[in-house]
Each structure stands twice: as structure tokens, then as C-alpha cells.
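Beneath this line is the structure, given in C-alpha cells, with notes to follow.
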């Protein structure tokens, strides 16, 4: 917490000083950081628990759970790190001077979040066939098929997440030097991408 001394003038034109308290991390930022930390600890504990379980009956389910927890852990760590860097370095101009890079890195963490939903979607499909069509499941749902499905979904998530770099969708406002959210789109092409991303995100959740 830093105290900032500012000067102003009263009605008679006399200089007066006012001490204002400036928080580098405001209440909203602190709350979001705490939620990230809780998520990181939860993901790490779940991952460690799964790694200690060597004799799991369903190896496919164990593999997908480990992959899911890893994606969540890396994504949350990345978002917390970027939030911390922005909170401490934004006043020095470092963040805005490298805004394109930071906005691109923000896309990386968005990719991890979307990929996590993809894995959860595949887990739901796998459980559906295991419960409703057991014979079909035993014959076709192998570890190799699960891995191929994850790779295909991962590639699709990467294409959808990073296509704004090529101009389809928004992610960085170089004029105002700030990152943009896809839901802030105004042009028809960008709005189309926003609806597409929203639809895919809803489908995975």
C-alpha cells in the first residue's frame, strides 16, 4: 500500500495537499488472486492424489483426469502470474509497452481453459458409452482412441483460440494499448467469432 501526495487549489487559489492511499492490488484484484490460488491448490492436490494411485481400474478415466488437472493447474498459474505482473508493473509502463506480447500470452491461458473443457467433454462422452453401450465401448474405446480424440480436440481449441492473431476476432487494441475480450467485438466478423467461441465454450461446459 503506497501513500500518494497530491496538490490542489482551494477557492482562494492557495495550494493544499491531499494524501491519497493507492493500492497496487485493489480489492477486486486481491479477490481474483485468492480464487486463482484456491484453484491452483485444489488442482495440485487432485493431481498429486491421482499420481499416487497406481492401481486404478479405469486407466482411460485416470489418464483424462490427470490431463484435465494438469491443464487447470498450468492455466490458473499462468493467469495468476500475468495478473500479478500487470498489477505491479503497469504503473511503470512495462505492461503497456509490451501489450501485444501480454495479450498473446493471455490467449495462451485462454487456450488452456478451453482445452480443459474439451477434455471434460470427452470424459462425458466416454462415460455415456460406457454406461449405455458397454459392448460397443469395450470394443472401440481404447486408450489410443482417447488420446487421438484429445489431440484432435486440442488442435481444434488451438485453432479457435489463436485465430484472432490472424484477424478473425479481437484480442489486442494497439491504439489504446490494452487487451480486448472477444465479447467486446463490434465489427460483424469479430462478432461472429465471439458467438462461435461462446457456443464452443457452452458446448464443452
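The numbers here are math on the coordinates, done by the rules we state, and not lab data. Everything numeric in this text was worked out from a predicted model, so none of it was measured. All Cβ positions, even for glycine, are placed from backbone atoms using ideal geometry, and neighbour counts span all protein chains on display.
With a ≥ b ≥ c taken as the square roots of the eigenvalues of the C-alpha gyration tensor of region 28-204, please select rounded if a/c is under 1.5 and otherwise prolate if a/b is larger than b/c or oblate if it is not? It is oblate, given that a/c is not under 1.5 and a/b is not larger than b/c.
Model label points for residue 138 and residue 31, set 7 angstrom from Cα along the Cα-to-Cβ axis, are 5.2 nm apart. Annotation: peptides 144-150, 183-189, ranked by per-residue average of other Cβ atoms within 10 Å with the highest first, follow the order 144-150, 183-189.
For the listed peptides 68-77, 43-52, a ranking on the average number of other beta carbons within 10 Å per residue, highest first, reads 68-77, 43-52.
Quick note on region 151-205: its Rg to Rh ratio, both from C-alpha atoms and Rh being the Kirkwood radius, is 1.00. Peptides 116-125, 29-38 ordered by packing proxy, namely the average of other Cβ atoms within 10 Å per residue, highest first: 116-125, 29-38. Taking the square roots of five times each eigenvalue of the Cα gyration tensor of region 78-181, the equivalent ellipsoid has semi-axes of 39, 14, 9 Å, listed largest first.
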